[in-house]
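What follows is calculated from the coordinates using simple rules that are stated; it is not laboratory data. Small disclaimer: the values here were computed from a predicted structure and weren't measured. So basically every Cβ, Gly included, is an ideal-geometry build from the backbone, and we count neighbours across all protein chains shown.
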Amino acid sequence: MSELTPDAVASARLGEAGKVWTSDLSVSEFALLDSAGFRPLEFVMGSSVYHIGWQQQNLRQSVELQVLSQAMYTARFNAMGRMIAEAAQVGADGVVGTRLTFRQHGVSAEHIEFIAVGTAVISKDDPGALRRPDGAPFTSHLNVQDFYTLLKTGHTPVEFVMGVCVWHVAAQGFMQTLRQMGQNVEMPQWTQGYYDARETALSRMQAEAERVQATGITGVDWSASEWMWGTHTLEFFTSGTAVRRTGEPDGFDPGFVLPLR
């Protein structure tokens, strides 16, 4: 399977996209999307099942585990690339509501699957105008409400960008452990490890935004987890929607909503 083109089964399904559209939008989102001047084309997705290679580790060294970082990034990139390829096949301007999830695959901790999904949309009045500078469909993790608001500010989404870093935190020595017993004291190797992993991931996300000629990133989210790496290894993942200014604000006046209970 290529990262650039959907496989045969997906292509056959997408070939019927002009007859009945599909989406994961709620009724309210569908109505607002129409007000924003767009219509849904197809529920699109991409998947990548990936085997994670072996990484040598030094228990007494704080350092990025580059083999693992590259594996986690490549698997995510493959899933996103296949979703974009499906959107491109149906002639979409972009994908809204992009969600990127993962799960451990099979019985081995070395196998993971990343899945990217979203709704491919197209402008009703000016198809193609909001595509990325390189002509590819835009991707955005913003829901339709935020997408509508973003357009009103004179900005358009460019790409769902991300950064990842898998970092090994050095194990402290036995004597240090003894000195800290019963004490309120900072764990400097963990503090510095999280700092280093976070800054590396954020820098990579910002570099992605610069690559697609964006001027900013909105809706930045992050997570730090040890879900498969063990007690001294963490993954820091950050993501957001890169945007660029394409016009002037459209007189958008945000309102206030009061709950009825």
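Considering amide H positions built from the backbone, and no H for Pro or chain starts, which residues 5 or more places from THR215, or on another chain, come under 5 Å of its amide H?
Amide H neighbours of THR215: VAL243, ARG244, ARG245.
Show the residues, 5+ positions off or on another chain, whose built amide H is closer than 5 Å to the amide H of GLU159.
Here THR139, ALA242 satisfy the definition.
Taking H as built 1.01 Å from N, whose amide H comes closer than 5 Å to the amide H of VAL169, not counting residues under 5 places away?
THR233, LEU234
Note the full-extension length gain between TYR195 and TRP222 as 0.36 nm times their separation in residues minus their Cα-Cα distance, in nm to one decimal.
Contour length minus Cα-Cα distance gives 8.4 nm.
Which order do the peptides 40-50, 82-92, 66-76 come out in when sorted by mean C-beta neighbours inside 10 angstrom, highest first? Walk me through the numbers on the way to the answer.
Details: 40-50: 21.5, 82-92: 23.8, 66-76: 18.5.
Averaged packing, sorted descending, gives the order 82-92, 40-50, 66-76.
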